[in-house]
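One structure is given here, and the rest of the page talks about it.
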Amino acid sequence: MTATATETGTALPGRHPQRWIILGVICLAQLTVLLDNTVLSVAIPSLTRELDASTADIQWMINAYSLVQSGLLLTAGNAADRYGRKKMLVAGLALFGIGSLTAGLAQSSAQLIAARAGMGVGGALLMTTTLAVVVQIFDDTERVKAIGLWSTVNSLGFAAGPLIGGVMLDHFWWGAIFLVNIPVVAIGLFAVVALVPESKNPQGDRPDLLGALLSTIGMTAVVYAIISGPEHGWTSTQVLASAVTGVLVLGVFVLWELRIPHPMLDMHFFRNQRFIGAVAGAILVAFGMGGSLFLLTQHLQFVLGYGPLDAGLRTAPLALTVVALNLTGVGARLLPRIGTPGTIAVGMTLVSAGLASIALLGADGYGGMLLGLVTMGAGVALSMPAMANAIMGAIPPEKAGVGAGVNGALAEFGNGLGVAVLGAVLNSRFAALVPTVAGAVSLPAALAAAGSPGERARISDAFASGLETSQLVGAVAVLAGGLLAAVLLRRAERADEVRAAA
């Protein structure tokens, strides 16, 4: 490997001889970050008791991490491209490790919130840099399979977080869920320094400080509105002010990026039909996943009567299906046969069918829901790696970090949008079916206000009907988005073929 190839950020010649070992290392680092998104939820009772944390404190312990990480995704990706992806990967691991140590030893709620924010900075660097490194060390023939395995880690983190957290809290105090990150970070640092090749974009070394500031403020404000919407109400002054501020700042960010010679996010990417198609699909897969999981937990607990732990365990087949199919490389083998548009269309259709199955068959018991979860998992396993590969393929290799930041930002936006839209459909349908019950927008409040067993049964049926309607809305949106993404990607491929033949 020549110094030129290393420094320019162009695709490394051939296949890196240690590419699979490197992939394992960066997936281990990413898994640690993803587990931290979910593991804290099971520690809430312990934190409330031992740190005397208020409800607001608990919310900030959870949100500080995701808020900082989401707000910095574009900036972190740009920093990786400009200053070196290996450097940023090392920096991300170090910051995440220091934050984990501080969180594990925290003596107050304020200390833990600050530590979680610091971990979010490291998490943003890791989430963007790992995908950028995958693009650099794998050639076109293996990249889809590698991205599929990288995507698998997301599902594994979702499934394993609450279970690992529960096991650790049964044997240790709450700080252990953070301190367990330390040895993983140490192994990751050693392996990254020894194995991962350096790469960066040779152009645009001058930092776009204003662009970084605007993107961070805009993204943070929008994500904050999405996070706080379900709690404070989507029309509350707090949420609307945050959303409007975020949109306005992001608008200024777009105008600024169009003016400068070396922008952190090249807006001309959005003229590329391949990029637009992949973006549309990525948002709507995340929309369906985020919204459906938000609804599923309520369906399992309020309609089918499972406890929180049992409900969590019963959502695991979705993630396990994704893991199984990606580990066996089903999507990577299918994509060359039917192409990226076809793979995305098939995958999104399966996600839509899974949502519809849960809506129409899940009310009668877990069997119908299990069918829907497995079908959704198969669709996600096919569509998500193909779309991530399409997004990264539409962006020059020297901009891989920014591409990974865009991919992460889309996932955050889609998840929040799914919760907001499908949650609003659920509440509207529920309130329309039981307009005479006080507090009808909340099932527990409506049940408490009910005057007879017959009225409580009617309220439960209305809530189940609202869930069915919102899940069907999600299914239609995902199907439409999948077909739109496939059409746009196919048009882009045809345009490329015409240009190549000219």
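The values are calculated or read from the model by the stated rules, or taken from the named source; none is laboratory data. All values derive from a computational prediction rather than experimental measurement. As a convention, Cβ positions derive from the backbone with ideal geometry for all residues, glycine included, and neighbour counts pool all protein chains shown. Surface accessibility is based on the protein's heavy atoms, side chains included, excluding ligands, DNA and RNA. Shrake-Rupley method; radii C 1.70, N 1.55, O 1.52, S 1.80 Å.
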How would you order 175-187, 346-358, 290-302 from highest to lowest mean count of nearby Cβ atoms within 10 Å?
-> 346-358, 290-302, 175-187
Probe 1.4 Å, heavy atoms of protein chains only: per residue, the accessible area of the chain in Å² is 41 Å²
Reported label for calculated log10 I(q)/I(0) by the Debye sum over Cα atoms at q = 0.06, 0.07, 0.12 Å⁻¹ given (i) -0.34, -0.44, -1.10; (ii) -0.38, -0.48, -1.10; (iii) -0.27, -0.37, -1.14 = (iii)
Ignoring any ligand, DNA or RNA, what whole percent of the accessible area of the chain comes from carbon and sulfur when the probe is 1.4 angstrom?
-> 68 percent
Summed residue charge, Cβ within 15 Å of Ala386's Cβ, Lys/Arg positive, Asp/Glu negative | +3
Within the under-14-Å Cβ sphere about Leu484, not counting Leu484, Lys/Arg +1 and Asp/Glu -1 give a net charge of +3
Longest principal axis of the chain (C-alpha) makes with the long axis of helix 85-104 (C-alpha) an angle, in degrees to the nearest 10, of 40 degrees
